[in-house]
Structure formats: structure tokens, C-alpha cells
Amino acid sequence: MTSKIKVECFLSVIEDIVLSDSPYEKFEDQVIMLFNYWVIIIILATLPVYYSLSGLWQNIFLLIASYLFYSYWDYRFLALIIITTSLNFYFGLKIHAAKDQTTRKTILIMSLMYNLSILGFFKYYNFFVDSFIAAFQPFGFLPNMQILNLILPLGISFFTFKIIGYLMDVYRGEQAPADIISFALFVGYFPEISAGPIGRAGTFLQQIDRKRIIGKEQIFAGLHLILLGFFKKKVIADAVAPYVDQLFSSPQQFMSIDLLCGIYLYTLQIYADFSGYTDIVRGASKLLRIEIMENFKQPYLSKNIREFWKRWHISLSTWLRDYLYIPLGGSKKGTARTYINLLATMLLCGLWHGASWVFVAWGGIHGTYLALSRYFRGSLKKPGSTTLQVHGTMKSLFSVFITFHIVAFAWIFFRAPDLETAYNYSYFLFNISHLGYSSASLIFITLFYMAVVLAIDLLPYRFNRELLVTSETPWLWRSIVYALLILSISFIGESYVQPFIYFNF
Amino acid sequence: MSNHLFISIFSFFNKLSSHIKVFILTLIILTCTCVGLSINRDSLEMINNKSFVTPVISYLDLKRPNNAKVIFLGSSRIASCIKRDLFSKLSGIEQSKILILQSNGAGTWEELLFCRKYPDLLNSNPLVIIEVAPWMFNKNFYPLGAGETAFLTWSTFQERLALPDLKLRLLLLSDYFFPHSQRRTLEEWGTIFYSLMIGKRPEPYNPDYIPEYHYKQSAYIKLATDQIFSVRNQIKAMGNYQFAEYKAEYLNRLINIVEKKTKKIVILQPPLRNKYIDVIEGIQELTAANLIYLDYIFTLNNENVHSIVWNRPEDCGLNDSAIIDYGHFNNEGAYLFTQRLFNEIKKLGLIELNAYSGKEAAISPQDNISGLKKP
């Protein structure tokens, strides 16, 4: 009997061990890794069909493609996106048709409640239940609430915000309701659905209003963006990820310089990962002649925190400004209220990223930075106030240096799995007993990748353009840049797959 | 004439639009790099090896041994169960002429690779002992062999084409033209360039090395004391067992190559721990799979090829105490096994005593064990 149980036990382990250990799986992974390449290849292969269609059929074609794309991730959630689209389409029509302001407002509130409750249920239910139980446990009260095993629908935070933006625009009279196909395409547009950017209805609907045609310029610009995106993801983000994972998993084992390198590396990783993803989807969308808004503009070259938020995740920061900060009163309701609005907006920005206190803390830190920045800006403007007498390039470099470091420090909270780890990381970073470094190669690697990111960003920053090379660049240089990008993507970097960080949000 | 052609091509190129020029030049740079990487696959693997097979290839490449009298081919199991010093004493063959070419997790493809790449190995008419095990023929375990990088480096186009899985086949065939398997981290590329600059090459395989199983027994305490752990870890290799015809084909080809040079071939399966065999016999699917494998091995027998298959340690007069984990031998076990194997080979008439040294190697196994130098 015992032997039979043992045999069964062996049988049960055979399958999962084989599946998890086999290098065959590694090859499966490579196929998954090619998934993004496949999307690009499919887009390129279907371009002739797409451009032979009329405007309406182009939209239908893209809508079908978008739903297929979403089903590829999990077909069960296709119903959610279709129901959400239909209901919000109806809300949009009703808001537009309502005669009086009260009815318009009531419908808007109803629609917001629907959208936020869907988002809240899937994304925040467990977080609030967990926090509620944790808050009452010390008092001996154990509420009978269940944690649910929920799957977060892909891109729910992104398409919910897009829909809310649309409804608010319709409510404000800035946007006429779209037809059902255009609206469904706006919500489910496949390049944007998984991780943004959070597109605006006005810009998007205007572009799909007519038949799209493409020229060589757009094809080259699109492919260039795609290559740059894959370069950032595969050559930078995925390469530094193992170091970051190691440093954040047990910060107490490392010296302060190592931990500092860890912060720098994560700062580069999240930028390369997210902006790389955005470049890929923007490039793919460019091939379809639908421009997606720029989401990053060399953010680490910002001279202050306000500028940083104008350059980092632009679609989210402008969304928060237009649909949260300004409706809350912005800076028009007195100094104290301005600070409260800033803090509230950034706390919600943190919470939007994920149902965890570390994101709330990260948002709180940025809210505080923005409030302090506003305070000092105000006090420095007062006559007679003393300012640091540093001018020109030195001042700019110093400002960039400081901004980069305060942003990098805040990333500790974004990256750490919990507040305790974030605290430990900060503690050992600043603890003088941990002063020193354990690996010179880590310092070298950090400096190297910082130089790579700087090289990518400096030229576009200097000439205020988004690409490394343009059609004006001599063809020899363009060929070399394209070839180097393709070769780096193909032959440099880890062979395993790292999912895009923002897919989690 | 050639100048004229060159000028014509150049002026034609100049007339093209800049987009076309960019496209063509990019393609040329990519093609040149791919060709460069493809033809340097094995140099890159030798400098920055990722496979257990590569040190052996490096060794064969550097030393080009061609006077071996006995060659053992196989995985870490073959290295753990053979004691060259005892084999040398028993047979009278110089120890340096007994070659154990092993790489961890090696399967039939690796064994074929050694002989195919360096056929001179077989010039001295050696006795070739090829290790086999049931998992070596499982389609779902290491489809490319344990040293998959080695497969990506040294496999032929036909071998890639013969892979059973369509996705894998396409991936590897595409790699043949666009060598994406040569992807390495920046640090690895840095190491390669540094090694090239200073002319450094990694240490090749040392055929005199003594497996850790023979002297670092404490490192294997978990394996030695926890049989279930060890057996469970290895039984995974039998999971989803499907007999791989293409892996059997590697062995057939290896035998063909060897048979052209020597008529003394042994297919050897060293015994496994009893617990391992119990598990196989306790699961109907695995028993059936094992039978298919054994059937195949026995079909290989002919006047030149002799199979010696020992399932349990008792089959060769040993017991579980000779084995450290599921199937690697400890130091004492290796001495005893070498003696048993030698006797069996002698019985088959594949080795003639005194044929090489002219001395009688008549010593009892127990004397051998106590009298021989141990690590």
C-alpha cells in the first residue's frame, strides 16, 4: 500500500518536473518571446489587405484583430470588454442627449460608478479586504471576509481610464459621441490595450474617421520605433533585470554602493521596459497610420520634478491632470488646497499602478516632491529670497543630477515587494556600517548601461526629436544604426523571457 | 571588364532612392554578420562554452588522441562507475590508453558527436564501450540532448530537419541561416573579446579527472541518504516517455562509424538503484517504455556489437551500497563494478589479457581495492 502511494507520488511529480525543467520549455519560451515579433510580422503581412479596404472596413478589420488579440490572452474576458464597451457607448449617447445638467451629471456618475466598480472589483477587492482585516485584527475583531482568487483582466486599468476620459469629454461637450465601431475600436485597439498609452478619444477618433494610406516615410519611422523599443527591452531592461532581482530580494546581504547600483539599474530597467514597450506599440500603430501619443520624452534628463512628470508616462500624468487634479480644483482654490490636491492626485496615481501599499507610498513620495517643489518655487520667486548662484550648464547638470536621484530613490518603493523590504533597502543604503561595495563589476555594469541609456536619449533631447535618426540623416549612418539595432536585439541579451513590467498594471 | 562592372553597379546604386539604399546596406551588414557568426559557431562555443560537451570537444581538438585501446563514451554515470587504474591493472593496458569521454547528461547525440568529429580516435582499433540508459531515448527529455548548446553548435542540417517537434524544427532550421542561438549577454560577449585579446582559452576536459562522487561523498549526502529525493529527481527523465526514433538513429549511426574502424563494441547499461527500478516497475507506462527501450538495445546485438544491460546492482553481483544516488557509483562501488565489467568483457572475448603489456593481471578484486591508490 505504502509503495503504491509512493509510486503515485512519483507519477504526480513526473509531469510537472519534466515540464518545468526541460530545456524544451526554454525553446517554447523563445517562441513566446517571439510573440511580440509575431504581432509585428502579422501586421506587416496584413498591411496590403488593410490598405486596400475602405475607412469603415479598415476600422472593422482592426476591431476584429483587437478582439482576436485580446482573446489570445484570455478569451473569457472578451465578454467583459464587449459588455463594458456597449454599456459605455450607451452612457456616452445618453450624456450627450440629456437636456439638463443634472441628468447629464447623474448619468456621468452612474457610468463612473460602473467603470470604477469593475476596476475596483478586479484590481482592488483583495487589497481592501486584506487591509481591512489587518486593520481590525489587533483589536481582536476578525471580519468574515473572503479573499478571492481573481485574475486581473489584461489592460483593465488602461481601458477603464480611456473610457472615463471619453465620458468626461462628452459630458464637458468637448467630444461628440462616436459610432459604435469607432468607440469599440477606441476601447479595444490592440496596440494600446495591454499597457497603454492611455489614448484620448478626440485624437484617436479623428484619425480613424477616414481611410488611411501609408508612405515609405511612415513605414521607416514605424519600423525604427519598433526596433528601438525591442532594443530597450531586450538589450537593456532584460539584461539588468537579474541584478535588480537579486539586490531587491535580500538587500541586507549587500553593501551600500551595491544597493545604490541596484537603484540605478532599476531606474534604467523600468524606463527601458516601459518606454521600450511604448515605442513598439507606437511603431506598430504608425504602420497602421494611427498615431499614438508619445509617452516618454527623455524623463531622466528633467531638471525638476514637475518637468519629470511632463516627460514620464505622459498619457497618465496628463490624464490625471485633466480628469482628477483640475476637477479637484487644481491650484485655483488656495495654497493649502493645492498641496492637498497634488498629494491626493499622486496617491491615486500610486494606487492606480497596483493594489499595494508600496505603490501608495511611491505616489505619496512623488506627491510630497511636487508639493515641496511648488513651495520652493514660490518662495524662491519672492523678492529678496536667496538663491544658489549657479548658472548655465552647471546649474542644469546639477538640477538633472538632483532630480534623477530623488526619482531613483522613490523607485525603491515601486520595486520592493512590500514596505518592509523598501524600508530595509533604504536602511542598508544609508547605513554607514554597510558603506562600501562588494562587486566592482556591478559598478562597471551600472555605469555602462547608464551610458547606453544616455546615448539613446541625448541626441533626441538635444535636437528635440523622438528618433535617433530621421530621413534627413545620411543613408550610410541610417543603415548602420538600423543594422546595429537589429544585431543587438538578435544577439545581445538574455535568452529567457521577461514580461513587460507594465503588463501587471 | 571587372572595373566596368563595378562602376556600373556603383552608379546604379547611386541612382536608387535613399530608402532603398538604406534597406540594401542594412541587409548587407546583417548578412555579413550572420555568415560571420555562423562560421564561427564552434570557436565562440569553445571560448565561452555553455555546454558540458564543449570541454571534451576542446580536449579532442587540442590533443587529437589516436592511440586509445579502450574508449568509454557516455554521461557522468560512465565516469562514476569506471576506475581506470583498476581497468589498467586488470587488462594490462596503459592507463593513458584508456579514455573516458564523458559529459554530464550526455545522450546518444553527444556520443556520436565525439566519434563523428574526431574519427581518428578510432584509428587504433580500440574497444568502444557506449553507455546507454532508458531516458536517453525519451523524446520528451532533452530533445536536443543535455548539452543543447552543443547541438546548436555542431548539429548538421539533416539532424535539425529530423527533429520530431515542428516548432523546434522550425526554430532550429531558422537558426541555421540566422544564428539566433548565438545570443549572449553583454558580459559574455565582453568575456569573448577579452579572451580573444589575451589569447586565453578555457580549460579543456581532463581525462584523468576523478568524479566528485568518489571523494566528495559529503556533498552528496542528500542524495546518499535520501533515496526518494534522488530517485524522484532522476525519474523526471522518464516522464511522458515516448521512444525517440531519432535518438536511436544517432546510436545506429555511431555504431556504423565505429564498426568501420573496430569490431569491438559494447553497449553498456550500468545498474541503477533498486528503488529506481522499483518505481519503473510500479508504473505500467514506465515498464512498457522500458521494455521498448530494451527491445531496441537487444536488436543492436551482432557479431561486433554486444550489449550488457544490468538493471539492478544484484544483476552484476553488487548491491545498493555501491551506488551513491539513483545511479552514480561511489569510490568502492566503482572498483567493484570495474572488476565485474572487466570480467564480462573478458568473457565476451573482447579483451585479451597480456595482449598489450605482456603481463598477467591476476589480482583479486578485494586486493585491488585495498591495494590501489585512492583519491
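So here's what we get for this one:
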| quantity | calculated |
| --- | --- |
| Reciprocal of mean inverse Cα separation for the protein assembly as shown (Kirkwood radius, Å) | 32.3 Å |
| Neighbourhood net charge (11 Å Cβ-Cβ; Lys/Arg +1, Asp/Glu -1) for residue A:54 | +3 |
| FRET efficiency for residue B:185 and residue A:44, using Cβ-Cβ distance with R0 set to 25 Å, rounded to 0.05 | 0.30 |
| Solvent-accessible heavy-atom area per residue, rounded to whole Å², over the protein assembly as shown at 1.4 Å | 46 Å² |
| Rounded to 5, percent antiparallel among DSSP beta bridges of the protein assembly as shown | 10 percent |
| Sequence-separation-based contact order of chain A, relative, with Cα cut under 8 Å and 6+ spacing, percent | 18 percent |
| Lys/Arg +1, Asp/Glu -1 at C-beta; chain A dipole; positive extreme among A:344, A:416, A:198 | A:344 |
| Dipole moment magnitude, nearest 20 debye, the protein assembly as shown about Cα centre, only Lys, Arg, Asp, Glu C-beta charged | 2980 debye |
| Net +/- balance of residues flanking residue B:300 in space, Cβ distance below 13 Å, scoring K and R +1, D and E -1 | -3 |
| Bins of 20 Å from zero: percent of alpha-carbon pairs in chain B | 25, 52, 16, 6, 0 |
| Area accessible to solvent at residue A:203, 1.4 Å probe radius, in Å² | 80 Å² |
| Rg ratio (alpha-carbon, reference 2.2 N^0.38 Å) - the range A:87-237 | 1.39 |
| Accessible surface ranking that places the most exposed of A:418, B:320 first, with a 1.4 angstrom probe | A:418, B:320 |
| Distance between modelled label sites at residue B:212 and residue B:243, nm, 7 Å Cα→Cβ extension | 3.6 nm |
| Net +/- balance of residues flanking residue A:104 in space, Cβ distance below 11 Å, scoring K and R +1, D and E -1 | +3 |
| Contact order relative to length of chain B, as percent, for alpha carbon pairs under 8 angstrom and 6 or more apart | 24 percent |
| Test item: A:191-199 mean partner chain Cβ contacts at 10 Å | 0 |
| Tilt relative to chain B, helix B:18-39 - C-alpha long axis, 0 to 90 degrees, to 10 | 20 degrees |
| Summed buried accessible surface, chains B and A, 1.4 Å probe, nearest 100 Å² | 4100 Å² |
| Top of B:107, B:333, B:199 by mean-square fluctuation, Gaussian network on chain B, Cα under 10 Å | B:199 |
| DSSP bridge orientation in chain B - percent antiparallel, rounded to nearest 5 | 10 percent |
| Heavy-atom SASA rank of A:182, A:54 (probe 1.4 Å, accessible area, largest first) | A:54, A:182 |
| Cα-projected label distance for residue A:132 with residue B:116, points at 7 Å along beta-carbon direction, nm | 6.5 nm |
| Peptide ranges A:120-132, B:57-69, B:334-346 listed from the most packed, as the mean C-beta count within 10 angstrom indicates | B:334-346, B:57-69, A:120-132 |
| MRE, 222 nm, helices only [DSSP H, n ≥ 4, -39500 (n - 2.57), over the protein assembly as shown, to nearest 500] | -20000 deg cm²/dmol |
| The range A:197-284: trypsin sites (Lys or Arg not before Pro) in DSSP coil with no more than 15 other Cβ atoms inside 10 Å | A:210, A:211 |
| Portion, in percent, of the accessible area of the range A:202-270 that falls on carbon or sulfur, probe 1.4 Å | 59 percent |
| Per-residue mean of C-beta atoms belonging to partner chains within 10 Å, peptide B:167-177 | 2 |
| Bins of 10 Å, starting at 0 and running to the largest distance - Cα pair percent for chain A | 3, 16, 25, 27, 18, 7, 2, 0, 0, 0 |
| Peptide B:237-243 - average C-beta neighbours from other chains (10 Å radius) | 4 |
| Unit Cα scatterers, Debye sum, the range A:218-504: log10 I(q)/I(0) for q = 0.11, 0.16 Å⁻¹ | -0.73, -1.42 |
| Apportionment of accessible area to carbon and sulfur, chain B, percent (1.4 Å) | 56 percent |
| Probe 1.4 Å - accessible area at residue A:116, Å² to nearest ten | 90 Å² |
| Spin-label model distance (nm) - residue A:477 vs residue A:139, 7 Å beyond Cα toward Cβ | 6.7 nm |
| Residue (of B:19, B:283, B:30) at the positive-pole extreme of chain B, dipole from beta-carbon charges | B:19 |
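The values are calculated or read from the model by the stated rules, or taken from the named source; none is laboratory data. In this text, all values refer to a predicted model and were calculated from it rather than measured experimentally. Neighbour counts are summed over all protein chains in view; Cβ atoms, including those assigned to glycine, are modelled from backbone coordinates with ideal geometry. The area values use the complete protein model at the heavy-atom level, side chains included, leaving out ligands, DNA and RNA. Shrake-Rupley method; radii C 1.70, N 1.55, O 1.52, S 1.80 Å.
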